[in-house]
Amino acid sequence: MQIAILYGTETGNAEMLAEDIAAHLDAEHEASVSNLADFDPADFRPGVLHVIVCSTYGDGELPASAQPFAERMAAAQPDLSGIVFAVFGMGDSEYSETFNHGGKRMEEIMTAGGATMVGARVTHDASGDDLPDDLALPWIDEVLALAEAALDRAA
Amino acid sequence: MARIAIVGAGPSGCYLAQALLKALPDAEINILDRLPCPYGLVRYGVAPDHQGTKGVIRQFERLFERQGVAFFGGVTLGRDITLEALQAAHNAVVLATGLSDDRRLGIPGEDLPGVIGAGRLTRAWNDHPDAEGDEPPLGRRVVIMGNGNVAIDLLRLLAKDDAEFDGSDLSSARSRAIVAAGVESIEVIGRGSAEQARFDPVMLRELGKLGAARISVIEAHGEGKVVEALQAIDGHAPAGARRSVTFRFGWTPRALLGDTRLEVAQFVASDGSGAELRLECDSFLTAIGFEGGEDLGRPALLTGASEDGALAPGLYAAGWFRRGPRGTIPENRQDAQLVASRIAADLSGLGSVRPGREALARQLPQAVSYAGWQRIDEAERAASPPTRCRQKIPSMSRMLEIARNEAGARPTDTASQKGER
């Protein structure tokens, strides 16, 4: 499967996780990693699973590297029907009201364009006991199983 | 191959190593630190009850565990090795030693017992080895001067009850001492208006969760997220609150008064109206910024520094040492990326060969390796009580002893240390 992993990061934690997910998938799939700051909304492709790894910053805002992407999406309003994506969020439950807002915002941005989300949106808690990889790697395996069918339907 | 030494294993030094390895994957990077442990202010500055913020350490661990970066801990630049020797062994040397001295107020009474810098207090609360045995006396009435996030950290730690430190790495002894001080009132004073305060609104809102402190905010007018957050926590009054927190704005400290120790803090209105404020207090905590680096000749080095951190051929600066004591972890990451691209550009097409790590290992046989730090890390986790995530070792000699424990068991340790790296 072709998988484009896109990360939105502020401190680098989401970037590292994106790279770890790519390394986990590398043996059996074609996985690329890009910073959302460098990603053009015109580059979403049908037939590709887009995995968005996005942290939460400040007052529940998108992290710095996702903000220009969100602005480009708002300006371009691309038609994303037929685009398949999954979202893994990162947050800190010390800030409980806004803990999962980064991932949630990304889901909203993508579905607003008509893209289809596969799998559940999961959020890693920096104040919890799990390491990001411990949550994200089993999660991506589940997402892949679901994505196969979704990509077939979209095609 | 480019060989680069970074002095300072704090977030700026570690982010710099990370960015350098993206630009120069084959580079040999050696990070030195004065302490036997890496991570600087992430370990000793980020508050003990903000463990989520310390999660960036996982990125930094990877540098040493997978990306071939070597750690030389317990090494003081200028004492254990000279800058010249470091430069002779590397193609580039980066100073990322931060700023750790408390900025002074410059008013009478500043040296009275009871006047305590935020850096000193933070080091004590975080079990920094420099603060071993330092127990700054707080008393019942505390004034915190400053309107940044350091002030909020101090206030939050003073206002919390022991149970609110569950999951943190604040030592039980320190949290007991804070509670035993019996703090009843905490006044947070800003020189400027609420609109000008540099508080992070998220950290202000977090205060609304305090279980044992009432909050009142005086004269928080204007607009913006900080003012909104201040207004949102104003009037916070949990049942059974044992202490009060008061925010005041627009007061310039004029003098600290007392015979043998601090008794009164005197302020004058910053707006020139001539109004005065007297606060009786037992301690006065200054959270007005940091300075330092004089031992390394920082002011002279920064004269003529480029916008992207070049000080002289082969010599660079990053982080707070370069930019001054401003900016959070993400800002230092960006700064490190900027300095790294400058270094990478300077080192492209590099001709000369330097001995790098091999020379350091020879000149610094006593340095604590990353494996040595891992022994400290393990010991600290193992010693942690159930309500904490870590029990830091507050003594330099004990840290060194644990770090070198394995080396002590094996007489031919130079070979084994090399193997670890």
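Summed over both chains, the accessible area lost when A and B associate is about 1800 Å², using a 1.4 Å probe. Straight Cα distances below 24 angstrom link B:K392 to the lysines B:K54, B:K160, with same-chain residues fewer than 8 positions distant left out. Accessible surface computed residue by residue for the protein assembly as shown, with neighbouring protein chains in place and a 1.4 Å probe, gives 42 Å² per residue.
Accessible-area loss of 20 Å² or more (1.4 Å probe, protein heavy atoms, chain alone versus all protein chains) is found in the range B:13-34 for B:K22.
Under 5 Å between amide hydrogens, built in the peptide plane, is the criterion, and for B:F247 it picks out B:V188, B:S216, B:V217, B:I218 among residues at least 5 positions away or on other chains. What you get for the protein assembly as shown, charging only the Cβ of Lys and Arg (+1) and of Asp and Glu (-1), is a dipole of about 1380 debye around the Cα centre. For A:A112, neighbours were defined as the other residues whose beta-carbon sits under 13 Å from its Cβ, and their charges (Lys and Arg +1, Asp and Glu -1) total -1.
Taken over the range B:11-102, the convex hull of the Cα atoms encloses 104 Å³ per residue. Against chain B, whose longest principal axis is taken from its Cα atoms, helix B:149-159 shows a tilt of about 60°. At q = 0.08, 0.09, 0.12 Å⁻¹, what base-10 log of I(q)/I(0) does the Debye formula yield for the protein assembly as shown when every alpha carbon is treated as an equal point scatterer in vacuo? After summing over all Cα pairs, the log10 values are -0.61, -0.77, -1.29. The phi-based Karplus calculation (6.51 cos²θ - 1.76 cosθ + 1.60; θ = phi - 60°) puts the 3J(HN,Hα) values of the range B:370-375 at 4, 4, x, 4, 4, 5 Hz, whole numbers, x for Gly and Pro.
With a 10 Å cut-off around each Cβ of B:50-59, the average count of Cβ atoms from other chains is 6.
Normalised by the number of residues in chain A, the mean separation of alpha-carbon contacts (under 8 Å, six or more apart) gives a relative contact order of 24 percent. For the range B:282-331, accessible area lost to neighbouring protein chains reaches 20 Å² or more, against the chain alone with a 1.4 Å probe, at B:P330.
Within a Cβ distance under 15 Å of B:N91, other residues only, what is the Lys/Arg minus Asp/Glu net charge? Taking every other residue near B:N91 into account, the sum is -1. Where a Cα-Cα gap under 12 Å defines reach, which aspartates and glutamates qualify for B:K22, not counting those fewer than 8 residues away within the same chain? Hits, sequence-local ones excluded: zero. Dividing the C-alpha radius of gyration of the range B:103-289 by 2.2 N^0.38 Å, with N its residue count, gives 0.98.
The accessible surface of chain B, taken with every protein chain in place and a 1.4 Å probe, is 49 percent carbon and sulfur.
Going by accessible surface with a 1.4 Å probe and the largest first, A:H101, B:H50 read A:H101, B:H50. Phi angles of the range A:6-18 translate, via the Karplus equation with coefficients 6.51, -1.76, 1.60 and θ = phi - 60°, into HN-Hα couplings of 10, 10, x, 9, 10, 9, x, 5, 5, 5, 5, 5, 4 Hz per residue; Gly and Pro are given as x.
Taking the Cα centre of chain B as reference, the dipole from Cβ charges on Lys and Arg (+1) and Asp and Glu (-1) amounts to some 780 debye. The magnitude of the dipole of the range B:130-177, with charges of +1 and -1 set on the Cβ of Lys/Arg and Asp/Glu and taken from the Cα centre, is near 340 debye. Electrostatic tally near B:A383: other residues with Cβ closer than 13 Å to its Cβ, Lys and Arg +1, Asp and Glu -1, net +1. Of all DSSP beta bridges located in chain A, what percent are antiparallel, nearest 5? Expressed as a percentage, antiparallel bridges in chain A total about 5. Using a probe of 1.4 angstrom, how much of the accessible area of the range A:2-154 is carbon and sulfur, in percent? Exposed carbon and sulfur together represent 47 percent of the surface.
Looking at the protein assembly as shown alone, DSSP beta bridges between its own residues are antiparallel in about 20 percent of cases. Legend: residues in the range A:34-83 shielded by at least 50 square angstrom of accessible surface upon adding the remaining protein chains to the isolated chain (1.4 Å probe, heavy atoms) are A:D59.
The values are calculated or read from the model by the stated rules, or taken from the named source; none is laboratory data. Note that the coordinates shown come from a computational prediction; the quantities given were computed from them, not determined experimentally. Every residue, glycine as well, gets a Cβ built from its backbone with ideal geometry; the counts of neighbours run over all protein chains shown. Accessible surface areas use protein heavy atoms only, side chains included; no ligands, DNA or RNA. Shrake-Rupley method; radii C 1.70, N 1.55, O 1.52, S 1.80 Å.
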